[in-house]
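*Asks:* Questions regarding the structure given below will be posed in turn.
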Amino acid sequence: MTIIIDPQSSGIAGNMLIGAFVDLGADADKLKEVMEKSAYEFGKVEVTFSKVAKHGISSTLCHVEMLENKHPINYNDFISKIRKLDLDEKVINTSVSIFERIAKAESKVHGKNLNEVHFHEVGASDAVADVIGSVYAYYSLGYDLHEIIGLPIAVGGGRVKTAHGTIPVPAPAVVEILNDAYMIGGPVDSELATPTGSAIYMELCGEIKEFIPQIKAKKVGYGAGRKDFDHPNVLRIIEATDMSESDSIDVIETNLDHLTGEEIGYLFDVLLDAGASDVSITPIIMKKNRQGSLLKVISRKSNRENMLNIIFKETGSLGIRIAPNMHRGIARREFETKSYEINGKTYDVTFKIGYVNGEVISKRPEYEDLKTIAQDTGLALRKVKEIIK
């Protein structure tokens with residue numbers, strides 16, 4: 001599946017992303033609970049969801065009302081509080097990466113280092129709710145397992161009042177955050193792309209394209225903005241399949257020369273269990289003619305921090321190489337389960353089916369299912385493979 005985030009019409013904000021995710025099936029009640037609880041440390045908020053029509057387009061409005069906002073804190077203290085939230089580690093890590101994007105943009109604009117950055121608008125309780133809510137919904141829908149493509153962002157125009165005075169639209173921090181992304185001025189004299197929404201967009205999108213690629217749209221969600229314009233103030237997200245999918249990945253490598261075979265085998269399993277797409281170990285000759293191994297991990301960008309943390313922890317490596325945003329062509333894949341009766345007992349076997357241009361190019365049973373049958377029946381694995389066709 002491919003996910004298209006389309007902010008061409010009316011820009012992007014955190015609450016618009018959340019609204020679109022809810023429109024696509026994210027649990028609004030659970031999101032309300034997570035957002036209000038996560039923001040509480042930074043100030044009380046109230047989250048409500050409602051269906052609205054924006055110039056005839058039915059959409060979901062996520063309204064985050066800031067009831068209390070505590071004094072701004074510096075970046076390090078802010079991130080420390082985020083890391084202590086009672087949430088899944090991948091939600092925490094992705095949220096931290098988003099706030100890091102915002103902080104780096106602010107530090108560059110104001111000529112300060114990260115330790116000197118104090119969060120004002122971007123560190124307010126409603127912004128925390130927006131980021132945590134967007135990331136939580138993203139993972140709850142399983143979008144981390146699919147390719148996310150972003151389209152050009154309408155940034156608006158004119159000027160806007162901020163804690164730093166009146167500044168032009170798009171705000172300097174937004175321009176920094178959207179570095180290398182496609183931007184469109186207008187279509188109104190108003191701020192359409194917020195720093196928070198822009199940072200979430202840049203973190204979640206594996207690839208940014210000028211136009212929608214060849215796809216088959218399956219489901220569309222609309223997240224409403226608060227303001228009303230002469231055009232539909234909505235963010236569109238499309239769930240789609242395409243004839244042959246493109247996968248944006250990280251290739252992560254490091255050299256190993258001090259781990260035992262058992263430790264390498266354990267690392268192999270841990271990385272796969274943590275969501276790596278593929279793991280390989282290759283014997284190499286290192287400097288001073290030392291024998292070693294090259295660890296290569298293929299993983300989605302969204303899982304990068306998790307992969308790095310595991311490798312550092314399990315290997316003690318002092319340096320890890322990352323080749324980000326590499327692309328591979330992949331066949332569209334589906335899974336199908338069939339039941340087989342063998343020696344009077346029924347077994348379920350899952351098949352992975354690959355399609356290109358709508359044509360089946362492969363249909364293979366999962367090895368673990370075949371292994372279970374072989375162990376349970378005492379049959380040779382090759383015999384099981386002959387039965388399961």
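*Asks:* For the chain, modelled as a GNM with alpha-carbon contacts under 10 angstrom, which of Gly56, Gly185, Gly221 fluctuates the most?
*Replies:* Maximum among the listed residues: Gly56.
*Asks:* Explain nothing, just the number: dipole magnitude of the chain about its Cα centre with +1 on each Lys and Arg Cβ and -1 on each Asp and Glu Cβ, in debye rounded to the nearest 20. Numbers along the way, then the final one.
*Replies:* Working: 46 positive and 55 negative charges, 147 e Å.
Its charge dipole is roughly 700 debye.
*Asks:* Run the numbers for Glu341 and Ala374: contour at 0.36 nm per residue of separation, minus the present Cα-Cα distance, in nm. Display every interim value, and only then the final one.
*Replies:* Values: separation 33, 0.36 × 33 = 11.88 nm, distance 1.31 nm.
Gain on stretching Glu341 to Ala374: 10.6 nm.
*Asks:* Could you run the Karplus curve 6.51 cos²θ - 1.76 cosθ + 1.60 with θ = phi - 60° over region 159-164 and give me ³J(HN,Hα) per residue in whole Hz, x for Gly and Pro?
*Replies:* 9, 9, 8, 9, 5, 9
*Asks:* Once the Cα gyration tensor of region 28-174 is diagonalised, what are the square roots of 5 times its eigenvalues, in whole Å and ordered largest first, as equivalent ellipsoid semi-axes?
*Replies:* Its equivalent ellipsoid spans semi-axes of 24, 21, 17 Å.
*Asks:* Okay, next question. For the chain, modelled as a Gaussian network with Cα springs under 10 Å, which listed residue fluctuates most, His55, His110, His164?
*Replies:* His164
*Asks:* On to the next question. So if I take the alpha carbon set of region 265-324, get Rg, then get Rh from the Kirkwood formula, what is the Rg over Rh ratio? Mind showing how you got there, number by number?
*Replies:* Working: Rg = 11.9 Å, Rh = 12.3 Å.
Rg/Rh: 0.97.
*Asks:* Would you kindly derive the ³J(HN,Hα) couplings of region 308-320 from the backbone phi angles with the Karplus curve 6.51 cos²θ - 1.76 cosθ + 1.60 (θ = phi - 60°), listing them in order in whole Hz, with x for Gly and Pro?
*Replies:* Coupling constants for region 308-320: 4, 4, 5, 5, 4, 5, 7, 10, x, 4, 9, x, 10 Hz.
*Asks:* Among Phe268, Val47, Ile153, flag the residue with its Cα farthest along the positive direction of the charge dipole of the chain, charges on Cβ as +1 for Lys/Arg and -1 for Asp/Glu.
*Replies:* The one lying farthest along the dipole's positive direction is Phe268.
*Asks:* State which entries of Lys218/Lys301; Lys70/Lys112; Lys301/Lys389; Lys37/Lys338 exceed 32 angstrom in Cα-Cα distance in the structure shown.
*Replies:* Values: Lys218/Lys301 24 Å; Lys70/Lys112 23 Å; Lys301/Lys389 35 Å; Lys37/Lys338 43 Å.
Pairs exceeding 32 Å: Lys301/Lys389; Lys37/Lys338.
*Asks:* Further question: Rounded to the nearest percent, how much of the accessible area of the chain (1.4 Å probe, protein heavy atoms only) is carbon and sulfur?
*Replies:* 48 percent
*Asks:* Compute log10 of I(q)/I(0) for region 1-75 with the Debye formula, placing one identical point scatterer on every Cα and leaving out solvent, at q = 0.24 Å⁻¹, to two decimals.
*Replies:* -1.15
*Asks:* Between Ile79, Val349, Ile238, whose Cα lies farthest towards the positive end of the dipole of the chain when Lys and Arg beta carbons carry +1 and Asp and Glu beta carbons carry -1, centred on the Cα centre?
*Replies:* Selected residue: Val349.
*Asks:* Placing +1 on the Cβ of each Lys and Arg and -1 on the Cβ of each Asp and Glu in the chain, which of Ala171, Pro283, Val384 has its Cα farthest towards the positive end of the resulting dipole?
*Replies:* Of the candidates, Pro283 comes out farthest on the positive side.
*Asks:* Follow-up question, since we're still on this one. Which percent of Cα pairs goes in each bin when the distances of region 114-245 are cut into 10 angstrom slices starting at zero?
*Replies:* 10, 38, 37, 12, 2
*Asks:* Over the chain, what portion of Cα pair distances is larger than 29 Å, expressed as a whole percent? Working shown, then result.
*Replies:* Values: 38873 of 75466 pairs.
That tail contains 52 percent of the Cα-Cα pairs.
*Asks:* Right, another one. Write out the GluC sites (Glu not before Pro) in region 153-219 meeting two conditions: DSSP loop, and at most 15 other Cβ atoms within 10 Å of their Cβ. Could the numbers behind the result be given before it?
*Replies:* On the way: sites: Glu176, Glu191, Glu203, Glu207, Glu210; in loops: Glu210.
Of the GluC sites (Glu not before Pro), the ones in loops of region 153-219 whose Cβ has at most 15 other Cβ atoms within 10 Å are Glu210.
*Asks:* Evaluate the distance, in nm, between pseudo-label points positioned 7 Å from the Cα of Lys385 and of Ile73 along their respective Cα→Cβ axes.
*Replies:* The two pseudo-label positions are separated by 5.7 nm.
*Asks:* Rounded to the nearest whole Å², what accessible area per residue is found for the chain with the 1.4 Å probe? Write down the numbers at each step before the final one.
*Replies:* Details: 19490 Å² over 389 residues.
Solvent-accessible surface per residue comes out at 50 Å².
*Asks:* Over all directions, how big on average is the projection of the convex hull of the alpha-carbon atoms in region 145-198, in square nanometres?
*Replies:* Values: hull surface 16.9 nm².
Mean shadow area of the hull around the Cα atoms is 4.2 nm².
The values are calculated or read from the model by the stated rules, or taken from the named source; none is laboratory data. Everything numeric here is computed off the predicted structure, so don't read it as measured data. Glycine also receives a Cβ, built like all others from the backbone with ideal geometry; neighbour counts cover every protein chain displayed. Each accessible area value is taken on the protein alone, full model and side chains, heavy atoms only, with ligands, DNA and RNA left out. Shrake-Rupley method; radii C 1.70, N 1.55, O 1.52, S 1.80 Å.
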